[in-house]
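The block underneath contains the structure these notes are about, expressed in structure tokens.
The values are calculated or read from the model by the stated rules, or taken from the named source; none is laboratory data. Just so we're clear, the structure is a prediction, and the values are computed from it rather than from any experiment. All Cβ positions, glycine included, derive from the backbone under ideal geometry; neighbour counts span all protein chains shown. To get the accessible areas, we keep the full protein, side chains included, count just its heavy atoms, and leave off ligands, DNA and RNA. Shrake-Rupley method; radii C 1.70, N 1.55, O 1.52, S 1.80 Å.
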Amino acid sequence: MSDRDDRFVEMLLTHEIAQFLYREAELLDERRYEAWLALLSDDIRYWMPMRRNVKFGEESREFTREITDINWFDEGKETLTRRVRQIETGIHWAEEPVSRIAHLVTNVQLIEAMPSAAEAREVSVKCRFLIYRNRVETETDILVGKREDLLRRDGDDWKIARRKIILDQNVLLSKNLTFFF
Amino acid sequence: MATAHVGGYRPGLVDLKTGQISREIFVNEDIYAEEQERVFARAWLYVGHESQVPNPGDFFVSGMGEESVILTRDRAGQVRVFLNSCRHRGMKVCRYDEGNTTVFTCPYHGWSYGTDGRLVGVPYFREAYHSQLDRLQWGLVEVAQTCVHKGTVWATWDKDAPPFLEYLGDFARYLDQMFDSWDGSDGGTEILGGVQKWLVPSNWKFPAENFSGDSYHNISHRSVDMVGAGPSGSGRRDMPELNLARKLHIAIPDRGHQTTAYLLPREVEVPAGYQHSPVVSDYFKKCEEARRQQRGDWGRLITLVGEVFPSMAFLARQPRTIAVWHPRGPHQTEVWRWFLVDKNAPQDVKNFLRDYYIRYSGPAGMTEQDDMENWGYAHKASRGTIARRYSYSYEQGMGTEVDNYEWEGFSLPGSVTDLTQAKSSEHNLRNLYRRWAEFMEASDWDELASWRRAQRAAAE
């Protein structure tokens, strides 16, 4: 293939991945949780570290460590499924009445396609998110940050095998995290 | 708003005879301001854990009430606590959460302070101050007293406050289980990395009373009981103990500390918990046995959730955590959360517990999410002029507490309510507010340390 063809293949893949991420966001915002859970691989790692204020040059200590430290989230599919089931009880007061949530996914960047863009079985993708939550009457949260996802080819579609969520906050400004990133 | 002081704190706003407490103490801004003076500036407050500052120069920025403070270990190895505010113009001298340093330099005009708080650097000292500034007088403001207790660091701004162990009184024994290893070895706990910090839209006393022993809020957590987030699968995680033990509320009336606890029977073996994980189940079984051997009757007592007056809460059983309620105005609280494990536990056990802690506690915790929803909207719905006219009811179980509680030959200090039949009581909550009202009215520590008067009288 020519360089031009390579770039074309990569562009198509980036488009496909972005469409996948938008569709995922749509499922969450429409509260179609079963379909959302089906997009998660059985071995998914869902990790959201906490962040410290550290001196310039000491960035290695900025984030709490996966599997080792306390994090906002550090879990797999079983716990994510339980979180969905909890919302579905209808008596999970923190989401009852249910919140109005919009996921804005933007700055989608294809970081790596393995083994290649033409035959991608796994892709590493970065994006920015803005999650808007409004609940009951006037309670509103806006959470902004970065996501690093590892997607795995699954037939004609993709599954999320890993999600690292970098929230751009130190003290969490929301009273809870009852929604998905 | 102006109704705050009608009748005073005792018995007016906090009426323990009728079991009614005014909403004003939660929502009134004048009361809030007074509370900062009378409660937070006089009580002992939890600052952090020694293991967060293991080496000289290590620091951890913490909070005491509304104040930002620096917990540090100076060059001599001493744990120190300073107000995080430059003496010259008030700028925070440290805006990192933690780290290691030799000096704290103010980014505004450049005054710098050693880890012992001394003012060591003043720009243009000779030229602009003509070498006249008395640098010894201008060190960082230090707390009046500090105490390291089983690895935990406590401090107070009040030089007249009694020493920390006297402040705890009989409560120290109940707190042991929080800081000791589960097998009963002294102080054998460590902090997991990462302190959770988040904002809750309610007065700090909502979480404080909840952790003092609100055993009535079952409906809050029914959804998590249904889906199961606990380490033993679905349902409540403490079923084995619930079915065997005496369930107790224990309050120390003259100190304002209180906890809930299970007292296990002497002869019966408690069924193993954590059955999803044999290694964890085995670990706790061995610890239970060791603790009983080492501590005798005290080894049969399992401290659950409790509160050291005013703003440090704990959960001694798993998920083992320390929470501090930092007031951020009458209508907001910043919660800080530390998590502990046994230092000598196998790594598998630590990992298992860490997963469980995250799943249970804090803003992403499947259990606590529902608490914060309730505190927030309870507070919000109590702010109106009309709403404030109506007291909250704390009448549950009034008069059912006993002194010198005894079961199977083991006598417990404090004022105890046996909830095995009654299920719930607000005895512990009343104890919290009794002490709160005393702090709000007392002019000094001589008045607050009522046990000293009793001791003096006995001596005479």
Sort through B:Asp348, B:Asp371, B:Asp355, B:Asp403 and tell me the only one that's surrounded by 20 or more Cβ atoms within 10 Å (Cβ to Cβ) and not small (Gly, Ala, Ser).
B:Asp371
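How many residues does region A:108-130 hold that are of a type in the set (A, V, I, L, M, F, W, C), more than 10 Å from A:Glu10 (Cβ to Cβ) and open to solvent by 20 Å² or more (accessible area, probe 1.4 Å)?
Of region A:108-130, the ones of a type in the set (A, V, I, L, M, F, W, C) are A:108, A:110-111, A:113-114, A:117-118, A:120, A:123, A:125, A:127, A:129-130.
Filter once more, so that each one left must be more than 10 Å from A:Glu10 (Cβ to Cβ): A:108, A:111, A:114, A:123, A:125, A:127, A:129-130.
Remaining after also requiring open to solvent by 20 Å² or more (accessible area, probe 1.4 Å): A:108, A:111, A:114, A:130.
Total satisfying the criteria: 4.
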So in region A:80-103, with the set limited to residues that are within 10 Å of chain B (Cβ to nearest Cβ) and in contact (Cβ under 8 Å) with a residue 12 or more places away in the chain, which one is surrounded by the most Cβ atoms within 10 Å (Cβ to Cβ)?
A:Arg83
Which one of these is modelled with pLDDT under 95, touching a Gly at 6+ places or on another chain (Cβ under 9 Å) and not assigned by TED's automatic domain parsing to the domain that holds B:Pro207: B:Ser51, B:Ser22?
B:Ser51
Among A:Lys146, A:Lys164, which is the only one that is within 18 Å of B:Arg359 (Cα to Cα) and assigned to a strand (DSSP E or B)?
A:Lys164
Starting from residues that are more than 17 Å from the chain's Cα centre (by Cα) and small (Gly, Ala, Ser), keep the ones in region A:124-181 and report whichever is nearest to the other protein chains (Cβ to nearest Cβ).
A:Ser174
Answer yes or no as to whether B:Ser85 is of a type in the set (Gly, Ala, Ser), at pLDDT 95 or above and more than 18 Å from B:Trp154 (Cβ to Cβ).
yes
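Considering only region B:76-93, I want to know if a residue exists there that is in a loop (DSSP other than H, G, I, E, B), over 30 Å from B:Phe439 (Cα atoms), of a type outside the set (A, V, I, L, M, F, W, C) and touching a residue at least 24 places away in the same chain (Cβ under 8 Å). First the steps, then the outcome.
Taking region B:76-93 first, the residues in a loop (DSSP other than H, G, I, E, B) are B:76-78, B:84-93.
Right, trim to over 30 Å from B:Phe439 (Cα atoms) and you get B:76-78, B:88-89, B:91, B:93.
Pick out the ones that are also of a type outside the set (A, V, I, L, M, F, W, C) and you get B:77-78, B:88-89.
Next, only the ones that are touching a residue at least 24 places away in the same chain (Cβ under 8 Å) stay: B:78, B:88.
Yes: region B:76-93 contains one or more residues that are in a loop (DSSP other than H, G, I, E, B), over 30 Å from B:Phe439 (Cα atoms), of a type outside the set (A, V, I, L, M, F, W, C) and touching a residue at least 24 places away in the same chain (Cβ under 8 Å).
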What residue, among those in region B:418-460 that are over 19 Å from B:Val308 (Cβ atoms) and among the polar types (S, T, N, Q), is most open to solvent (accessible area, probe 1.4 Å)?
B:Gln421
Would you say B:Pro123 is open to solvent by less than 60 Å² (accessible area, probe 1.4 Å), modelled with pLDDT of 95 or more and over 20 Å from the mean Cα position of the chain (by Cα)?
yes
Near pairs, Cβ below 7 angstrom, 6+ apart or cross-chain, from region B:342-354 (outside any helix (DSSP H, G or I)) to any residue that is open to solvent by 50 Å² or more (accessible area, probe 1.4 Å) and of a type in the set (Val, Ile, Thr):
B:Pro346/B:Val279
Quick one: which of B:Glu37, B:Glu29 is of a type outside the set (Gly, Ala, Ser), open to solvent by 60 Å² or more (accessible area, probe 1.4 Å) and either under 28 Å from B:Val195 (Cα atoms) or modelled with pLDDT under 95 (or both)?
B:Glu37
Evaluate region A:46-61: report whether one residue or more is open to solvent by 30 Å² or more (accessible area, probe 1.4 Å), in contact (Cβ under 8 Å) with a residue 12 or more places away in the chain and away from chain B (no Cβ under 11 Å).
no
If you scan region B:199-225, which residues turn out to be among the hydrophobic types (A, V, I, L, M, F, W, C) and within 25 Å of B:His257 (Cβ to Cβ)?
B:Val200, B:Trp204, B:Phe206, B:Ala208, B:Phe211
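Which residues, counting only those in region B:119-140, are β-branched (Val, Ile, Thr) and not in a loop (DSSP other than H, G, I, E, B)?
We begin by selecting, within region B:119-140, every residue β-branched (Val, Ile, Thr); these are B:120, B:122.
Scanning region B:119-140 gives a single hit, B:Val120.
Pull up region A:62-78, narrow it to residues that are within 18 Å of A:Ala161 (Cα to Cα) and touching a residue at least 12 places away in the same chain (Cβ under 8 Å), then point me to the one that is surrounded by the fewest Cβ atoms within 10 Å (Cβ to Cβ). Outline the logic, then answer.
Of all residues in region A:62-78, those within 18 Å of A:Ala161 (Cα to Cα) come to A:66-67, A:73-78.
Now restrict to residues that are touching a residue at least 12 places away in the same chain (Cβ under 8 Å): A:66, A:73-77.
Working: A:Glu66: 13, A:Phe73: 20, A:Asp74: 23, A:Glu75: 19, A:Gly76: 16, A:Lys77: 16.
Within region A:62-78, the match that is surrounded by the fewest Cβ atoms within 10 Å (Cβ to Cβ) is A:Glu66.
Quick test for you: out of B:Ala378, B:Ala316, pick the one residue that is open to solvent by 10 Å² or more (accessible area, probe 1.4 Å), in contact with a helix residue (DSSP H, G or I) (Cβ under 7 Å, 6 or more places away or on another chain) and more than 9 Å from every other protein chain (Cβ to nearest Cβ). Show your work before the answer.
Numbers: B:Ala316 fails: open to solvent by 10 Å² or more (accessible area, probe 1.4 Å).
The match here is B:Ala378.
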Helices (runs of 4 or more DSSP H) fully within region A:1-91 counting 1 or more residues that are more than 19 Å from A:Arg147 (Cβ to Cβ) and within 20 Å of the chain's Cα centre (by Cα):
A:33-38, A:77-88
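Counting only residues that are within 11 Å of chain A (Cβ to nearest Cβ) and over 25 Å from B:Met64 (Cα atoms), which one in region B:319-352 is nearest to the chain's Cα centre (by Cα)? Don't jump to the end; show me each part of the working.
First, pick out the residues of region B:319-352 that are within 11 Å of chain A (Cβ to nearest Cβ): B:319, B:321, B:326, B:328, B:332-341, B:347, B:350-351.
Keeping just the survivors that are over 25 Å from B:Met64 (Cα atoms) gives B:347, B:350-351.
On the way: B:Gln347: 27, B:Lys350: 23, B:Asn351: 25 Å.
Residue satisfying both the conditions and the ranking: B:Lys350.
Condition check ((1) part of a loop (DSSP other than H, G, I, E, B); (2) in contact with an Asp or Glu (Cβ under 9 Å, 6 or more places away or on another chain)) across all residues:
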site	(1), (2)
B:Ala313	no, yes
B:Trp325	no, yes
B:Gly329	yes, yes
B:Trp338	no, no
B:Ile358	no, yes
B:Gly362	yes, yes
B:Trp375	no, no
B:Gly384	yes, no
B:Gly399	yes, no
